[in-house]
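A quick write-up on the structure given underneath.
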């Protein structure tokens, strides 16, 4: 009789442990999904601000067509991106295009003083900070998920319940991302 109770308790403990690990993996997987959606929200917000910014710059710098077209193409690429890698590539392209746009704006004192331009630039700057934070949170969530599903004995449970998908980190792909800036006097 005692052996039956002991075996029953042991089975309940094992089942409880499996349920605990399964729920932990679900929580981490959902956190990664949520973090990705937060990045997507901020990227869409930035993409919504860009047409207004381009229109404002157009009024002052109509002959800077190439720069304005570059920003528009980069925004379109961002809107059409569907995977983490495509988003990272489009993010780099858009960041470079926006740098060019702001460099053009430096040449037009009237534009730099325009209240609409300043407000849009401030909104965009705040959104860039939110994107950076969301990207960091997403990458941290991916790391936590990967660690949780690779640890023993959770890796056994992860294999049994198909928690094997590897998540991609979101890293911007800008050409000057890892270059040291050159400074000369």
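Remarks
- Mean ellipticity per residue at 222 nm, deg cm²/dmol - from DSSP H runs of n ≥ 4 across the chain, formula -39500 (n - 2.57): -28000 deg cm²/dmol
- Average projected area [Cα convex hull, region 94-153], square nanometres: 4.8
- Treating r as the C-beta distance of residue 33 and residue 160 and R0 as 25 Å, the FRET efficiency rounds to 0.75.
- Potential extension, residue 48-residue 79 segment - 0.36 nm per residue separation minus Cα distance: 10.2 nm
- Among 57, 19, 32, the residue with the largest mean-square fluctuation in a Gaussian network model of the chain, with springs joining Cα atoms closer than 10 Å, is 19.
- With the simple model of a label 7 Å out from the Cα in the direction of the Cβ, residue 99 to residue 86 spans 2.5 nm.
- Note on the chain: with a GNM built from Cα contacts shorter than 10 Å, the maximum mean-square fluctuation among 14, 39, 147 falls on 14.
- If you take the alpha carbon atoms of region 28-160 and fit the smallest convex hull around them, that volume is 92 Å³ per residue.
- Tilt relative to the chain, helix 84-106 - C-alpha long axis, 0 to 90 degrees, to 10: 20
- Result for the chain in a Gaussian network model with C-alpha springs under 10 Å: among 50, 15, 157, the largest mean-square fluctuation is at 15.
- The chain: relative contact order as a whole-number percent, Cα under 8 Å and 6+ apart: 34
Here, each number is a calculation from the coordinates, and none is a lab measurement. Keep in mind that this is a model prediction, so the values were computed, not measured. Methodologically, a virtual Cβ is constructed for each residue, glycine included, from the backbone with ideal geometry; neighbour enumeration extends over all protein chains shown.
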